[in-house]
Amino acid sequence: MRAEVRTLTLAPVTAGRGIRLQDGSSLLLSGIGSKKAERAANELVKQGAGALLSWGCAAGLVPELAPGMLVLPRVIIGADHSDYPVDPAWRKRLLYRIQKHIRLYQGALAETKVVLDTEKAKQDFFLQTSAGAADMESAAVAAVAKEAGIPFMAIRAIADSLDIAVPKDFLTVTNAFGKVRFWAFFKAVSRHPVGSLGLFRLIRSFRAAQSTLRKVVHLTGNNLLLSEAEGVSLFFPPLKDGKNGGQEQEG
């Protein structure tokens, strides 16, 4: 989602197209899901990326992960049960800089292929994976980084905690890049005013996640402590992925 991208830059970003930031990093808003994430990551590698970062939102699968809490995982668990450890040196630099300022979850981040839209769905997914958080893109990006032999890191903030249901209307009011279609949004609110309370709660939670991401940038700089990596590329999924993760932001 573009709102997630704006936690790093105010420059206009076109979905599916990368831009070059002032520090030399590349940023790309890919779209929702692992296939689009894989395609975007491969494109960045072709452009010469020396590292890949998956940035955005995630779903919390355990009660301790409240909206806005930061996910700095040690490992990504793919839907096929593959493990993708993040780059330890990169993670260590991030951890050293932010651990005294932001509440952290440091366990596994698991890939989900579907939107985890209820508390039960999240609980069941936790029992399957033992991961405390989930998204839809990080594993795909990690797999591309592994194949290319370059560092990978994921930085996610919790946008929907265990007890927050993802309203089904949300799936109809956003496009493939997490952008809200306002006419559809107002129609959904008018049709289901009570049920829409969950949508507003999710929006508040996303704002908490967005605030955390901005704080990470404030603490680490726009290059997120990647000065030692050459030709770094920043990968942004949208909110819809990000929730389950999106998060793809905005994803």
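Paramagnetic label reach from residue 130 (point 7 Å along Cα→Cβ; backbone nitrogen cut-off under 15 Å): within segment 68-86, residues 74-78, 81-84. All other residues whose Cβ lies under 11 angstrom from that of residue 75 are scored, Lys and Arg at +1 and Asp and Glu at -1, for a net of +1.
Among 206-215, 93-102, 134-143, how do they line up from the highest to the lowest mean number of other beta-carbon atoms within 10 Å? Let's see the in-between values first.
On the way: 206-215: 20.4, 93-102: 15.0, 134-143: 30.7.
Output ranking for 206-215, 93-102, 134-143: 134-143, 206-215, 93-102.
List the pairs from 46/122; 113/146; 100/146; 35/122; 36/100; 92/146 whose alpha-carbon separation is above 25 Å, in the order I gave them. Working shown, then result.
Working: 46/122 36 Å; 113/146 20 Å; 100/146 30 Å; 35/122 22 Å; 36/100 35 Å; 92/146 19 Å.
The answer is 46/122; 100/146; 36/100.
Label positions at residue 82 and residue 114, each projected 7 Å from the Cα along the C-beta direction, are separated by 2.3 nm.
No lab work stands behind these numbers, since they all come straight from the coordinates. What you see is a predicted model, and the numbers here were worked out from it, not measured in a lab. Here Cβ is always computed from backbone atoms with ideal geometry, including for glycine, and neighbour counts include all displayed protein chains.
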